[in-house]
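Here's the structure we're looking at; comments come further down.
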Amino acid sequence: MSKERKTVIDLKGIIKRFYIGQPNELQILNGIDIKVNEGEFVAIVGESGSGKSTLMNIIGALDRPTEGTYMFNGQDIGKLSDKKLSLIRNKEIGFVFQNFNLIPRTSALKNVELPMMYAGKGRKERTKRANELLETVGMADRSDHNPNELSGGQKQRVAIARAMANDPSLILADEPTGALDTKTGRIVMDIFHELHKSGKTIVLITHSPELAKETERIITISDGCVVSDTGGDSHDAD
């Protein structure tokens, strides 16, 4: 019996509406219940329009639910100020996006340092950790290159290093291989597997069943509802 793991994400009855009170009011999420424990590697899958992007924004504290409660590391996200949410996004959640979201005219090293700068860490500490992280993702020899001098896969590896900058409790990856070819996507997924082995909690948002099967657990969203929650490859033999 393994010891009980800490709950990182606890969503209960999450409803999200847009254009509230207007004739075109739209309900995208219809009562979502999801719990993710520390150290899990979870995929959230769904077709375009299923509500998975809206759900990702709520999990990443980029948006608030209309109804329901979201506890992140025991904190009620709905009750926190915008400033506190900003701190959580900076220090506790590492984002990896399909389009990389790197600062264009800034070196790979400075891109990785940025979250640490916002967190108030000193220059020496920032530079040391940024260099270590770039080495971890195989980008140490590209640390002084700007994003326009890097391939898509290299940009995504820098983005993963940046996501790890403040040693967050959650890595939230939105279609991280969506803009990459198969071979490069493989390298990026291997990095996620290494991070997972080191104990990181990872939530991967994807429309790809193949990618989802690489995770421990697959949560499928359709029409704003969880329609299934099953083990990935590692649970198939259970």
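For region 85-238, the ratio of Cα radius of gyration to the globular rule of thumb 2.2 N^0.38 Å stands at 1.07. Using only the Cα atoms of region 165-222, build the gyration tensor, take square roots of its eigenvalues as a ≥ b ≥ c, and label the shape rounded, prolate or oblate: rounded if a/c is under 1.5, else prolate if a/b is larger than b/c, else oblate. Oblate is the answer for region 165-222, as a/c is 1.5 or above yet b/c matches or exceeds a/b. Remark: region 135-150, residue by residue, has Karplus-estimated 3J(HN,Hα) of 5, 4, 9, x, 10, 4, 7, 10, 4, 9, 8, 7, x, 5, 9, 10 Hz, where x stands for each Gly or Pro and the curve is 6.51 cos²θ - 1.76 cosθ + 1.60 at θ = phi - 60°. For trypsin sites (Lys or Arg not before Pro), the sites in region 146-222 that DSSP calls loop and that have at most 16 other Cβ atoms within 10 Å are 213.
Counting only protein chains, not ligands or nucleic acids, how are 201, 220 ordered by accessible area (probe 1.4 Å), most first? Don't skip to the answer; put the middle values down first.
Numbers: 201 0, 220 40 Å².
Ranking 201, 220 by accessible area, largest first, yields 220, 201.
Cross-link list 6/183; 6/213; 155/197; 12/91; 35/200: which exceed 26 angstrom alpha carbon to alpha carbon? As for pairs spanning more than 26 Å Cα to Cα, those are 6/183.
Its alpha carbons give region 46-85 an Rg and a Dmax of 11.0, 33 Å. Protein heavy-atom surface of the chain, 1.4 angstrom probe: 49% of the accessible area is carbon and sulfur, with nucleic acids and ligands not counted. Averaging the Cα positions of each part gives two centres, and for region 200-224 and region 53-78 these lie 18 Å apart.
Using just its DSSP H runs of length 4 or more, each adding -39500 (n - 2.57), the chain gives a mean residue ellipticity at 222 nm of -9500 deg cm²/dmol after division by all residues. Take the chain and mark each of the GluC sites (Glu not before Pro) that is in a DSSP loop with at most 16 other Cβ atoms within 10 Å; the longest unmarked stretch, sites excluded, is 48-215. Working from the Cα coordinates of region 1-132, the gyration tensor eigenvalues give, after taking √(5λ), semi-axes of 30, 20, 15 Å in decreasing order. Amide hydrogen proximity for residue 40: with H placed 1.01 Å from N in the peptide plane, the residues at 5 or more positions away or on another chain lying under 5 Å are 202. Sparse packing (at most 11 other Cβ atoms within 10 Å of the Cβ) combined with a DSSP loop state is found for the following chymotrypsin sites (Phe, Trp or Tyr not before Pro) in region 1-110: 19.
The values are calculated or read from the model by the stated rules, or taken from the named source; none is laboratory data. Owing to the predicted nature of the structure, the values given are computational and were not obtained by experimental measurement. No Cβ is skipped: glycine too gets one built from the backbone with ideal geometry, and neighbour counts run over all protein chains shown. Just so you know, the surface numbers come from the protein's heavy atoms only, side chains and all, with ligands and any DNA or RNA stripped out. Shrake-Rupley method; radii C 1.70, N 1.55, O 1.52, S 1.80 Å.
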